[in-house]
Amino acid sequence: MDPEAISSDSHVAAAIATRRRSNSVSDDYSVQRTNDDATQCKYFAVQKGYWKDDFISRFANSSANVAEARRFPEISMGYWARTAAVEKYVREFLTEFDENVQVISLGCGFDTLFWRLASSGTKLAKYVEVDFSSVTSKKIRHILKPVGPGSIDLKKSFSSEAVVSHHADLHAGNYHLVGADLRQANELNQKLATCQLDHDLPTIFIAECVLVYMSADSSSSLLKQIVDNFRKPAFVNYEQFRTSDAFTKVMEQNLGERGIQLHGLEMCESAEKQEERFRTAGFKTVKVLDMNQVFNTFLDKEEVSRIANIEKLDEMELLEQLLAHYCIVFARF
């Protein structure tokens, strides 16, 4: 489910892979499998010390080897910048509204942000995660599996006992995990309704390499659906950027070999395209930063310096090229 999850020695772009939403069942399956790749890459980066995540090991296969190309420092740095930026936006939103906020993560995969927030003492009204049912059912099994020596019980962060429905949905008071296809508005609305959300509360949505797998019409409809249904929505979107060049063509070819295509790539061509999409849906303010800007101006400078010293790069060109082709969009109503 993540761009950095697939690599090739021939070009940095081939180190990029992403999720896609399509009408093909086999293609959906290929996209879902990238979640496993991404989780292993994150686990490797955490083991190297790029960031602290006491929970990723519950979802990763600790005995599996991470492919050599996926151990490139540039890949780990990209994951760190993305993880840190998304979390910073969410924490700032929580602080602005005294933590009386709902978080909805779309295409969540095996993300651990809920547990990282909870472990730091952060309180929030509700945290909801949505993904394909095949993904959420696996995540539920990881959450509920027996706790071994030195392992953390993920259920301790829940405000009530976890209740599982249809093998793919879990409800636990402050945390909800539901299976739904984001392209299907009625299905998504029905599943969100089971989470007992307050549509008047400030609500921040997260999508990391998700919209790009949907057609432009589908992602635009999803954004419009959010603005229509929530009174104070915000949206953090991480995905590809500057997609008209050779870098992206190599990435597309690499993904195509795995049966994955990018229906929404046209919306990722420029900051203007991203801004147009969100404003057309009804968001009033939209800020677009490429990941070089995020790395150099948005994130904590001391942390950036620490990250740069974990695995010192001989030259920065590869990292800068990688970061230039991804962006963070922060939109508010």
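The values are calculated or read from the model by the stated rules, or taken from the named source; none is laboratory data. Quick caveat: nothing in here was measured; it's all calculated off a predicted structure. Positions of Cβ are backbone-derived with ideal geometry, glycine not excepted, and every protein chain shown enters the neighbour counts. We work out accessible area using only protein heavy atoms, side chains counted, and drop any ligands, DNA or RNA first. Shrake-Rupley method; radii C 1.70, N 1.55, O 1.52, S 1.80 Å.
Here are a few things to note about the model shown:
- Percent RCO, i.e. relative contact order, over the chain, from Cα pairs under 8 Å lying at least 6 residues apart: 20
- Cα-based convex hull volume of segment 92-136 per residue, rounded to whole Å³: 66
- From its DSSP helices (H runs of at least four residues, each -39,500 (n - 2.57)), the chain gives a residue-normalised ellipticity at 222 nm of -12000 deg cm²/dmol.
- Share of carbon and sulfur in the accessible area of segment 87-179 stands at 53%, probe radius 1.4 Å.
- Ordered by solvent-accessible area of protein heavy atoms (1.4 Å probe), largest first, the residues E317, E99, E74 come out as E317, E99, E74.
- Nearest-20 debye value, segment 246-333 charge dipole, Cβ charges on Lys, Arg, Asp, Glu: 520
- Estimated dipole of the chain in Debye, rounded to 20 [Cβ of Lys and Arg +1, of Asp and Glu -1, Cα centre]: 820
- Close amide H partners of S105, meaning residues 5 or more places away or on another chain with modelled amide H under 5 Å apart, are V128, E129, V130, I206.
- S221 paired with E303, simple spin-label distance in nm, labels 7 Å along Cα-to-beta-carbon: 3.7
- Among F298, C195, A81 the positive-end extreme of the charge dipole of the chain (Cβ point charges): C195
- Dipole magnitude of segment 88-220 about its Cα centre (Cβ charges: Lys, Arg +1; Asp, Glu -1), debye to nearest 20: 560
- Simple rule: put +1 on each Lys or Arg Cβ and -1 on each Asp or Glu Cβ in the chain, find the dipole, and look at V227, G121, T39; the Cα lying farthest toward the positive end is G121.
- Per residue, the accessible area of segment 120-231 comes to 43 Å² when a 1.4 Å probe rolls over the protein heavy atoms.
- Calculated over segment 141-285, the projected area of the Cα convex hull averaged across directions stands at 11.4 nm².
- Protein heavy-atom surface of segment 240-311, 1.4 angstrom probe: 47% of the accessible area is carbon and sulfur, with nucleic acids and ligands not counted.
- Ordered from largest to smallest accessible area (heavy atoms of protein chains, 1.4 Å probe), the residues M251, M316 come out as M316, M251.
- Beta bridges per DSSP, both residues in segment 187-333: antiparallel share near 65 percent.
- Cα shape, segment 149-195, gyration tensor, a/c 1.5 rule: prolate
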